[in-house]
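Accompanying notes for the structure given below.
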Amino acid sequence: MVKGFVFFKEGKIPFVIENYRMELFTDDSLLNDFSKEYNFKANYILLGQYFGSGIQGQKATFFVERSMGSTCYLRCYIINMLTSEDGYDTIGLQSPFLDDIFRYKYKYLDMVRTGSNLAVEPKDAYKVPFSMNGRQYELTFRIGHDNRLGLLEDFDRKGELLLPLQTDDIQECYDISVVLYRLAMFMMSHAEVPFNRITLYKKGLKVGWFFCSFVSDEAFSGHDGFFHELDVMKYVPKILNNIALDSGNKITQSIPLGHLGNFDSMFSPQRFVEQVMAFEYLFDKLDHKKAQNSKFTLKSELAHMFKEFPQLLSSPKLSSDKVSEQIKEIRRTIAHGYAYYYDFKNDSNTQHLIILLDKLIRNMSLLWIGFTKDEISAGRIRFDK
C-alpha cells in the first residue's frame, strides 16, 4: 500500500493507493472542492508526496486515468528518489521475458568468453531503432554492472532495456512501457509478461521509479531456450516498429494482441471470439478487397488463409475447408445465441481449433509485419514455438 499527500490549491489531501486505486480522505472541506473539480474527469496529472519507511516525503507524480468523487483510478505514477534532481532523461526497463527475447544468458556467455568483465562495466548487446508517436527512438539492451556505483548498483538486474526520452512527460513513459509490454506479449504468445522494475535515470544516475500495472514483484520467465537461435537484429526491429505504430487502446495499423490469453483463459469462449476478431482484423489488412466483399464469408476467409500456410494442417485428416467450417460454426452458435458455452476445456476438438487459430493469427501477423511466407513457413523464426 502506497501512502502520501496530493497537492491541491494551497493544501494537501492524504491518500492511500492499492492496486492503482487512489482513495483520498480528509475531514477538510478541501476534499469536497477536489471532488467537485475532478469528478468524472479523465487523463490528468496530480502532484504530491510519497512517504515510505521514513518521515521525509518523496516527490511523486500521478497520472489519473479517471476519477469518481474522492477515488482516482491511476494509469501510472512516478516516485522520485530523495536525493535526486528534478527531471529525468532515460527510462530503463527490467523484464525476465525481454531478457529471454534478447538472449541475455547467451549474450552474457559470449561476452565473457571474449574477455569482457561485466562486473566492471556494462556492455551494450543490441541497439534497436524504432518510431513511436512521430518520434524516433533507439532502444539499447545493456548487460553488466557499473563498478563505479559500488553498493548503489542494482545487483538484481540482469539485462536492462534503456531508452533516452524526448520529453519529461509521464505519458511518454507509459506509452513506451505499453509498446515494450506488447512486444513481450507477441514474442511469448502470452498475455501476462510483467516487468520486474522500471527505473528513471538522469545523466546515467537513478532519480526515480515508474509504476504501472505492467510491473510485478513476481515476474519470472524460463523461456530462454525458445530464443537461443533467434537472430534478434533481423526480427525484433521489424516487429517492434509495427507494434509501436499504435500505443493506445485502439489499433489501426499494428498487429492485434487482444486474443492472447493466460493459462486460465487459454480455452475459453471469450478468447475464441477474440481470436476470430483478430483474424478478421488481419485478413482485412492483408486482403482488403476480399474482406469487403460480402459474398466472401468468414469460412471462405479462413480457408483462404489456411491454404496460404498449408504446413499448419499437417494431418491428412484435416483440410482447410473442414477446419474453416468448424470454426465458422462455433462462432455462429456463440454469436447468434444458439448455444452458450461456459468452457471449452472438456472439448478436445475445439481446443485443437483454438491452437490452430493461434498459429494462423501469428503467421498472418508476421506476414503483415513484412516477413515473407517462405521465412515463416521454413521455420526460420525460431521464437515460433
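The values are calculated or read from the model by the stated rules, or taken from the named source; none is laboratory data. Fair warning: this is a prediction, and the values are worked out from it, not measured in the lab. Cβ coordinates were reconstructed from backbone atoms using ideal geometry, including for glycine residues, and neighbour counts include every protein chain displayed. Remember, those area values only see protein heavy atoms, side chains included, never the ligands or the DNA or RNA. Shrake-Rupley method; radii C 1.70, N 1.55, O 1.52, S 1.80 Å.
Quickly run through the range 116-160 and pick out the residues that are farther than 21 Å from Phe195 by Cβ, of a type in the set (Lys, Arg) and either in contact with a strand residue (DSSP E or B) (Cβ under 9 Å, 6 or more places away or on another chain) or not in a helix (DSSP H, G or I) (or both).
Within the range 116-160, Lys123, Arg135 meet the criteria.
Here is a list of conditions, (1) surrounded by 13 or more Cβ atoms within 10 Å (Cβ to Cβ); (2) farther than 19 Å from Ala278 by Cα; (3) of a type in the set (Val, Ile, Thr), and Thr372 meets all of them except one; can you say which number that is?
All conditions pass for Thr372, except number (1).
Select from the range 184-209 the residues that are crowded, with 22+ Cβ neighbours inside 10 Å and under 13 Å from Asn262 (Cβ atoms) and list them in ascending order.
Correct list: Val193 only.
Which ones in the range 270-301 are modelled with pLDDT under 95 and crowded, with 19+ Cβ neighbours inside 10 Å?
The answer is none; no residue qualifies.
Scan Ile369, Ile334, Ile354 and give me the residue that is β-branched (Val, Ile, Thr) and more than 21 Å from Gly261 (Cβ to Cβ).
Numbers: Ile334 fails: more than 21 Å from Gly261 (Cβ to Cβ); Ile354 fails: more than 21 Å from Gly261 (Cβ to Cβ).
Of Ile369, Ile334, Ile354, the one residue that is β-branched (Val, Ile, Thr) and more than 21 Å from Gly261 (Cβ to Cβ) is Ile369.
Does Leu98 satisfy being in contact (Cβ under 8 Å) with a residue 24 or more places away in the chain and crowded, with 17+ Cβ neighbours inside 10 Å?
Details: in contact (Cβ under 8 Å) with a residue 24 or more places away in the chain: yes; crowded, with 17+ Cβ neighbours inside 10 Å: yes.
Yes.
Could you grab me the full set of residues in the range 302-344 that are β-branched (Val, Ile, Thr) and buried (at least 18 other Cβ atoms within 10 Å of the Cβ)?
Filtering the range 302-344 for residues β-branched (Val, Ile, Thr) gives 323, 327, 330, 333-334.
Residues satisfying the conditions are Val323, Ile327, Ile330.
Being assigned to a helix (DSSP H, G or I), surrounded by 16 or more Cβ atoms within 10 Å (Cβ to Cβ) and in contact (Cβ under 8 Å) with a residue 12 or more places away in the chain is true for just one of Lys59, Lys107. Which residue is that? Step through it out loud before you land on a result.
Working: Lys59 fails: assigned to a helix (DSSP H, G or I).
Exactly one residue qualifies, and that residue is Lys107.
Quick one: which residue in Ser377, Ser365 is of a type in the set (Ser, Thr, Tyr) and modelled with pLDDT under 95? Let's see the steps before the verdict.
On the way: Ser365 fails: modelled with pLDDT under 95.
Result: Ser377 is the single residue among Ser377, Ser365 that is of a type in the set (Ser, Thr, Tyr) and modelled with pLDDT under 95.
Look at the range 240-263 and say how many of its residues are open to solvent by 20 Å² or more (accessible area, probe 1.4 Å) and more than 14 Å from Leu180 (Cα to Cα).
So the count comes out to 9.
Please work out which residue is least open to solvent (accessible area, probe 1.4 Å), limiting yourself to the range 3-53 and to residues that are among the small types (Gly, Ala, Ser) and part of a loop (DSSP other than H, G, I, E, B). Can you show your working first?
Start the filter on the range 3-53 by keeping residues that are among the small types (Gly, Ala, Ser), which leaves 4, 11, 29, 35, 42, 48, 52-53.
After this cut, where a residue has to be part of a loop (DSSP other than H, G, I, E, B) as well, the list is 29, 52-53.
Values: Ser29: 73, Gly52: 37, Ser53: 135 Å².
Filtering the range 3-53 for residues that are among the small types (Gly, Ala, Ser) and part of a loop (DSSP other than H, G, I, E, B), the one least open to solvent (accessible area, probe 1.4 Å) comes out as Gly52.
Asn242 passes all but one of (1) in a loop (DSSP other than H, G, I, E, B); (2) within 26 Å of Asp169 (Cα to Cα); which number fails?
The failed condition is (1).
If the requirement is being under 25 Å from Asn242 (Cβ atoms), open to solvent by less than 20 Å² (accessible area, probe 1.4 Å), touching a residue at least 12 places away in the same chain (Cβ under 8 Å) and not in a loop (DSSP other than H, G, I, E, B), which of these qualifies: Leu356, Leu367? Reasoning before the result, please.
Values: Leu367 fails: open to solvent by less than 20 Å² (accessible area, probe 1.4 Å).
Exactly one residue qualifies, and that residue is Leu356.
Among the residues of the range 154-165, how many are surrounded by fewer than 22 Cβ atoms within 10 Å (Cβ to Cβ) and modelled with pLDDT of 95 or more?
Step one: list which residues in the range 154-165 are surrounded by fewer than 22 Cβ atoms within 10 Å (Cβ to Cβ), which gives 154-158, 162-165.
Narrowing the set further to residues that are modelled with pLDDT of 95 or more leaves 162-165.
Final tally of qualifying residues: 4.
Across the range 222-239, what is the total count of residues that are under 17 Å from Tyr104 (Cβ atoms), open to solvent by less than 80 Å² (accessible area, probe 1.4 Å) and assigned to a helix (DSSP H, G or I)?
6
Residue under question is Lys345, and the condition is that it be basic (Lys, Arg), touching a residue at least 60 places away in the same chain (Cβ under 8 Å) and not in a helix (DSSP H, G or I); does it hold? Break it down into steps so the answer makes sense when it comes.
Values: basic (Lys, Arg): yes; touching a residue at least 60 places away in the same chain (Cβ under 8 Å): yes; not in a helix (DSSP H, G or I): yes.
Taking the combined requirement at face value, the residue satisfies it.
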